[in-house]
Amino acid sequence: MNRNRAVSSVHSRGTTHRTTTRDAHTMAWSVHGDPCGEPVVVLHGGPGSGSQPGALRLFDLSRMRVVLVDQRGAGASKPRGSVRHNDTRRLVGDLEAIRAQLGIARWGVVGGSWGAALALAYAGTHPACVSAVVLRGLFLTTQREVRQLFVTSRSRAPHAWRGLMQAAKCASASALPAACMRSMQRRSHTRADAVAAAWRAYENAVLMHASSRRAKTRNERRAPARDFTTTEKYRIQAHYLAHGCWLGERRLLALAKRAVASGVAVYAVHGSRDPVCPPDNLRRLMRAVPGVRGRLVEAGHLASDARLADALVTALDQAFLRN
């Protein structure tokens, strides 16, 4: 049974805010739900994807205060697509600035994919400011995962993969990740636009292949139309992947250990058919940090998968609404 919450227009409408940093980034973020409810910040994936209002359906907005943040250069944050002064350390600092501006002593942190990695990085850096963490489809920020997506997963979407190879002007499968990163860093808008569009088409095809016919939702069946934000999104994503997201598995797991050792409860759900973040990522996290409460679900990568959504709702209830 799909347990996504019914979202009332009163609670979901929210209020939009902007915060300008000292290094000329303007962060866009919005607050939804009960102003006196349990505070939670939601971290989007990508990197560069921008927050998704549909995520609000996972939360009981009559009892929670949910903050959606567009990370640097993503979504409605400005300058869009900028990689200048854009790294993980600064994203962690941005979250702290927003928490302080809201006057919240401790809040929960929820993140999926790259957002899950950022959630652990933030919780490990500022554990005293975090009540609990809920992760979906953890990305461990390794070259192994990047290679799996660009090279190993080509059999899931061969036509789209060949389109990406052609757009990146790449002749060798093993060189595709580096070719995509270089293409997105070039000044040629035509080349970057072509690679970004092909990258998006390939990523969507891989995600849809991993979703069973029964589990696909209307949104998953319909590939998103290309829009002018595609290049900006993948420019940021390439920037982060080329630098290992300034984390890497060893450091990320160390931050997770620090968070749990400081008393932060960590809940994690992961799809057993996830083609982007390998299911073994959950096992690696749980082996390194025994205190993590993990659950493997027969699902793919996207939170719109009904089984994964159900597991997330359960984890959110356990983490934030136990009383």
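Values computed for the structure shown
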read-out	value
Conditions (1) farther than 24 Å from Val297 by Cβ; (2) in the same structural domain as Gln237 (by TED's automatic domain parsing); (3) in contact with a Lys or Arg (Cβ under 9 Å, 6 or more places away or on another chain); number of the one not met by Cys129	(2)
Set Ala123, Ala105: member being outside any loop (DSSP other than H, G, I, E, B) and at pLDDT 95 or above	Ala123
Members of the stretch 104-127 that are among the charged types (D, E, K, R) and crowded, with 19+ Cβ neighbours inside 10 Å	none
Number of positions in the stretch 141-165 that are in a helix (DSSP H, G or I) and under 20 Å from Lys233 (Cα atoms)	11
Flag if Gly137 is under 23 Å from Ala261 (Cα atoms), within 13 Å of the chain's Cα centre (by Cα) and outside the structural domain of Glu232 (by TED's automatic domain parsing)	yes
Residue match in the stretch 57-74 (condition: in a helix (DSSP H, G or I) and either hydrophobic (A, V, I, L, M, F, W, C) or more than 16 Å from Leu252 (Cα to Cα) (or both))	yes
Single residue of Ala303, Ala254 found to be assigned by TED's automatic domain parsing to the domain that holds Gly115 and at pLDDT below 95	Ala303
Residue count, the stretch 284-319 (criterion: touching a Pro at 6+ places or on another chain (Cβ under 9 Å) and of a type in the set (A, V, I, L, M, F, W, C))	1
Hits in the stretch 15-52 - residues which are among the basic types (Lys, Arg) and outside any strand (DSSP E or B)	Arg22
Any hit, the stretch 128-135, residues being surrounded by fewer than 21 Cβ atoms within 10 Å (Cβ to Cβ) and part of a helix (DSSP H, G or I)	yes
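The values are calculated or read from the model by the stated rules, or taken from the named source; none is laboratory data. Here the structure is a predicted model, which is why all the values come from computation and not from measurement. Quick reminder, even Gly has a Cβ in these numbers, built from the backbone with ideal geometry, and neighbours come from all protein chains shown.
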